[in-house]
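Just so you know, all these numbers are worked out from the coordinates, no wet-lab data involved. Since we're looking at a predicted model, the values are computed, not measured. Neighbour counts are summed over all protein chains in view; Cβ atoms, including those assigned to glycine, are modelled from backbone coordinates with ideal geometry.
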Amino acid sequence: MKPRTLVEVEEPNLLEDQFDYSLPPKICFEGPIFEEIDGEVVKFDPQEALARDLVITDTTFRDGQQARPPYTVDQQVKLYDMMAKLGGPNGIIRQTEFFLYTKNDRKTLDECRALGHRYPEITSWIRADKGDFRLVVEAGVKETGMLMPSSDYHIFMNLKKDRKKAFEDYLEVAEAGWEAGIRPRCHLEDVTRADIEGFVLPFVQELMRRSEQVAPELHAKIRLCDTMGFGLSYPGAALPRSIPKLVHRMTNDAGVPPEYLEWHGHNDFHKVHVNGATAWLVGCNAVNTTLFGFGERTGNPPLEGAILEYIGLKGDLCGIDTHMIQEMANYMRTIGVEIPPNYPFVGRDFNTTRAGIHAGGLRADERIYNIFDTTALFDRPPRVAITDKTGVDGVALWVNEFLGLTGDDRLSKMKVHKIARWVLDQYEVEGRMSAITDEELEEQVRTHLPNPYGASKAGRMAS
Amino acid sequence: MDRSEIKNRVCKVIIQVLEIDAEQIKEEDMFTADLGAESIQSVELMAGFEEEFDIEMDEDEAHAVQSVGGAIDFISGYVN
């Protein structure tokens, strides 16, 4: 063990090369990632990954709708429009997908297309059924996802086929797509529970071989669907669950270029976001997501999580408008979608502290207990929720934020002590069990700090 | 204002905030360790001194005043 000596410094080391407060923290790598595959050491280089065209694709209107009451046409159009603004002119949110089976499905697609956004590109989703291509052609869509279940659970027990029949049927549908001039995006359902060597690899190899015979814009894409959330990012994990090994099989053994490879995950084991980011790093250019993770059962990789991860990897906003994340959350609430208060980035309490010791830290320097400049990136300054645990520090933080006072204009703890005493008495004298509401605190400010209240925006509005 | 007057007025604030008798207060007493001031009472003491002496303390100064004697010295330096 090498002995270490304390290093005294004159200024605090805030590690700002990684923690530039104006952005989500930078994800830095100090070297490649190694994985032993088939007895050989395979290198995955994060710098190489970052040089690829990493993108986010969206399935809010497809998988995202399978887990909830359907959105109306207008709601989908509104969300699509906001998604376009969120992803920015560089098309970080590169594609989305729509059903085609009902009149409303078609109306939604047509009205989204009529907005004229280049991104997200509009694609569709159909069953692996040759007849459904008619719908794709009628919709004027150039790429469609097609469900191609890849595990024996599905092939034998759900589809009542054998592997050869599934293999041939899926290829037949892909061929139908090419005949119709449509790029097939082959969704390998349940791939993290499939026989990779016995079915998936032979099938994908054949798809790639046939793709060489068609125009480049029709080259088949592969979506690796971790349908039950079994995927693992851990080094050394075994196939079929290992994401690095699975993706390496696709790129190295099946010849799928990263730009035609996509990851689609589910959150049954709480791994959905990191699994998606891992797929990016090891060779999938696209991660498929839904807004706020709403999707089948436990949901999909959250779109906003992927957006923040992307910024962290690139160290730059890349044209992304992060404010749209909050706008979309607010819109979802207006249409009756509940977002849990502790949900990252958009929950009501995602940057709210209740503990007095945290409030004290926030008052000393916001960076101590706020993940990045949420005011600048989200219009969401850090907040304190007032309870019996919050203390005078918390009350001072709340009051100054409410009055809009910053820097040297902020009121000290001594100036808000009567309000802090009122809060404490609510619990210790009155026996209260609930948090103090903003309305109650405003009334206390009006009573005990009449002049600052009158000068504040809230006070001017109230009068 | 002489030190004796300052001491009397400091003790008046302490008695009011901590609800203790004058006999319990010694100059060397620490507000929290010896006189039992709770977290909010420490702030109420500083606010009381501000009001009693018509002074403004910033939070760092207030944080440094931990004892009866410390309060007397600080206020003495401030007003004189």
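State to the nearest 20 debye the size of the charge dipole of the protein assembly as shown about its Cα centre, where the only charges are +1 on K and R beta carbons and -1 on D and E beta carbons.
That gives a dipole near 2740 debye.
Long-range amide H contacts for A:Ala128: which residues qualify at under 5 Å (H placed 1.01 Å from N, peptide plane, sequence gap of 5 or more or a different chain)?
Counting only residues 5 or more places away or on other chains, the set is A:Leu147.
Would you report the distance distribution of C-alpha pairs in region B:3-79 as whole percents per 10 angstrom bin, up to the bin with the largest distance?
Histogram of Cα-Cα distances, whole percents per bin: 20, 64, 17.
Decide, for region A:189-246, between rounded, prolate and oblate: order the square roots of the alpha carbon gyration tensor eigenvalues as a ≥ b ≥ c, take rounded if a/c falls under 1.5, and otherwise choose prolate if a/b is larger than b/c, else oblate. Walk me through the intermediate numbers first.
On the way: a/c = 2.49, a/b = 2.19, b/c = 1.13.
Here region A:189-246 falls in the prolate category.
In nm², what is the average projected area of the convex hull enclosing the Cα atoms of region A:33-334? Display every interim value, and only then the final one.
Details: hull surface 58.5 nm².
Over all viewing directions, region A:33-334 projects a mean Cα-hull area of 14.6 nm².
If you take each beta carbon of peptide A:402-414 and count the beta carbons of other chains within 10 angstrom, what is the mean? Intermediate results must be reported in sequence, preceding the final value.
On the way: counts 0, 0, 0, 0, 0, 0, 1, 0, 1, 0, 11, 9, 14.
For peptide A:402-414, the averaged partner shielding equals 3.
How big is the antiparallel share of DSSP beta bridges in the protein assembly as shown, given as a percent to the nearest 5?
Numbers: 6 of 41 bridges.
Here the antiparallel bridges make up roughly 15 percent for the protein assembly as shown.
How high is the relative contact order of region A:122-261, in percent, counting Cα pairs under 8 Å that sit 6 or more residues apart? Could the numbers behind the result be given before it?
Values: 222 pairs, mean separation 31.1, N = 140.
With pairs under 8 Å counted, the relative contact order is 22 percent.
Starting from the Cα of A:Glu40, step 7 Å along the direction of its Cβ; do the same at A:Met157; then give the gap between the two resulting points in nm.
In this crude spin-label approximation the distance works out to 3.5 nm.
Under 8 Å for C-alpha pairs, at least 6 residues apart: give me the relative contact order for region A:33-334, rounded to a whole percent.
Numbers: 587 pairs, mean separation 62.8, N = 302.
Worked out over region A:33-334, it gives 21 percent.
For the Cα atoms of chain A, what angle does the longest principal axis make with the long axis of helix A:272-282, in degrees from 0 to 90, nearest 10?
60 degrees
Grab the DSSP H runs of the protein assembly as shown that are 4 residues or longer, score each as -39,500 (n - 2.57), total them, divide by all residues and round the 222 nm result to the nearest 500 deg cm²/dmol. Present the calculation step by step, with values, prior to reporting the outcome.
Details: 22 runs with 224 residues, N = 543.
Computed ellipticity for the protein assembly as shown at 222 nm equals -12000 deg cm²/dmol.
For A:Arg183, enumerate residues with amide H under 5 Å from its amide H, sequence gap 5+ or separate chain, H modeled in the peptide plane.
Amide H to amide H, under 5 Å and 5 or more residues apart or across chains, A:Arg183 pairs with A:Glu143, A:Thr144.
In units of 2.2 N^0.38 Å, what is the alpha-carbon radius of gyration of the protein assembly as shown?
Values: Rg = 30.9 Å, N = 543, 2.2 N^0.38 = 24.1 Å.
It is 1.28.
Could you grab the relative contact order for region A:278-413? Cα pairs under 8 Å, six or more apart, rounded to a whole percent.
About 14 percent, as a whole number.
Can you work out ³J(HN,Hα) from phi for every residue in region B:17-33, in order, using Karplus 6.51 cos²θ - 1.76 cosθ + 1.60 and θ = phi - 60°, giving whole Hz and x for Gly and Pro?
So the Karplus estimates, Gly and Pro as x, are 6, 8, 6, 10, 7, 4, 5, 7, 9, 10, 4, 7, 5, 7, 4, 8, 5 Hz.
Taking just the alpha-carbon atoms of region A:354-462, what radius of gyration and Dmax come out, in angstrom?
Reported Rg and Dmax, both Å: 13.6, 41.
Specify which residue in the list A:Thr108, A:Asn90, A:Phe44 is farthest towards the positive end of the charge dipole of region A:26-178, using unit charges on the beta carbon of Lys, Arg (+1) and Asp, Glu (-1), about the Cα centre.
It is A:Thr108.
List the residues, sorted by chain then number, that are 5 or more residues from A:Ile37 or on another chain and whose placed amide H is less than 5 Å from its amide H.
Result for A:Ile37 returns A:Val42.
Taking chain A as the reference, fit the longest principal axis to its C-alpha atoms, fit the long axis of helix A:438-448 to the helix C-alpha atoms, and give the angle between the two in degrees, 0 to 90, nearest 10.
Its long axis makes an angle of about 20 degrees.
Using the alpha-carbon atoms, what tilt in degrees (0 to 90, nearest 10) does helix A:73-87 show relative to the longest principal axis of chain A?
Rounded to the nearest ten degrees, it is 80.
Return the FRET efficiency for the residue pair A:Arg4, A:Glu30: r is the Cβ-Cβ distance, R0 is 22 Å, and the value is rounded to the nearest 0.05. All intermediate terms of the calculation are to be shown ahead of the outcome.
Working: r = 19 Å, r/R0 = 0.86.
Computed FRET efficiency for A:Arg4 and A:Glu30 comes out at 0.70.
How far is it, in nm, from the label point at A:Glu327 to the one at A:Leu405 when both lie 7 Å from their Cα along the line to the Cβ?
3.4 nm
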